[in-house]
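Just below is one structure, and these are the notes that go with it.
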C-alpha cells in the first residue's frame, strides 16, 4: 500500500501510533488481490480472488485475535495494523491531508463505502462504530468485536444508546472513536445531516471532534442503496487501483458549542467544505 501526502500540505502527526512507513506488511503485497483477480475469464477471476481472499482474511483474523491487548489505545493500534493490511490487500492507496491530534478524539466522517474505516483508521488509530451486520461476517466479525469495534443496530434506539456508552468508556480509557454520523452511505456528492449521538459524548467528556472528509478517485467506490455486496466488492478489487483521499480537519472544541446539535452541524459543514475543496 502506498501512503502519500499532498505536496505542500501539513504532514500527519501520528502521536503514539508507529509510523506507517515502518510497518511490516506480512500478509499481502500491495494490490496482490487485484492482480490475482485478473484472468482469462470472469469465472476464473472471481474464483482466484475468492480463494485468496478466504486464505488471507483467515490469516488476518488469526493475527488480529492473537493476544488481544487489554488497554483500549493498544487495541486501536492493533486495529490500525489490520486496516493497513486490508488496504494493502485490496490495492487501496490512501492520500492524506491534515493532522491527526495527540490523545483521544472523536473522528466524524462522511460515509461512502466499507473501505472508509480502513482508510481512516490506518492513519488515525481508533475504534470504529460499524453496523451490526459486520459482526456476522465470516472470519473477521469476531476478531473485530474483540479488538473493540463497536457494532450498532441503526434501527434500535437501545442498541444506539449501548454503543454510545461503550464509546464513552473507550474514550475515557484513552482510545479514539470513529463514527459515521450520517447513518448511511452516499455517493459522495453530498453530506447528509449528522445524528447527534457521538457529539453529546464528546461534550460530556470534553474530547475534541475531528471532522474527516473522504473522497475516492472513482464514483464506483461508493456502495449505496440496495446494491449487493459481492458484485460491488469484486468490481472494486479488480480495478487497476483505488485511491482514497482523506482530509483531517482542524479539531473542534466541543465546549465552544451550545449543544450537541450545533456541534454536529458545524462538523458537517467542515466535512462538506472538504468535498468542495
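The values are calculated or read from the model by the stated rules, or taken from the named source; none is laboratory data. Just so it is clear, the model here is predicted, and its values are computed rather than measured. Glycine also receives a Cβ, built like all others from the backbone with ideal geometry; neighbour counts cover every protein chain displayed.
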- Residue count for the stretch 173-187, restricted to those that are touching a helix residue (DSSP H, G or I) at 6+ places or on another chain (Cβ under 7 Å) and surrounded by fewer than 20 Cβ atoms within 10 Å (Cβ to Cβ): 3
- Query: Among the residues of the stretch 224-246, is any more than 17 Å from residue 116 (Cβ to Cβ) and crowded, with 21+ Cβ neighbours inside 10 Å?
  - Reply: no
- Note on the structure: All conditions in (1) crowded, with 18+ Cβ neighbours inside 10 Å; (2) more than 21 Å from residue 161 (Cβ to Cβ); (3) at pLDDT 95 or above are true of residue 199 except (2)
- Task: Scan 247, 206, 239 and give me the residue that is touching a helix residue (DSSP H, G or I) at 6+ places or on another chain (Cβ under 8 Å) and modelled with pLDDT under 90.
- Result: 239
- Say whether the condition of being assigned to a helix (DSSP H, G or I), at pLDDT 90 or above and either surrounded by 23 or more Cβ atoms within 10 Å (Cβ to Cβ) or in contact with a strand residue (DSSP E or B) (Cβ under 8 Å, 6 or more places away or on another chain) (or both) is met by at least one residue in the stretch 93-100. no
- Task: Examine the stretch 125-140 for a residue that is at pLDDT 90 or above, assigned to a loop (DSSP other than H, G, I, E, B) and closer than 30 Å to residue 89 by Cβ, and state whether such a residue exists.
- Result: yes
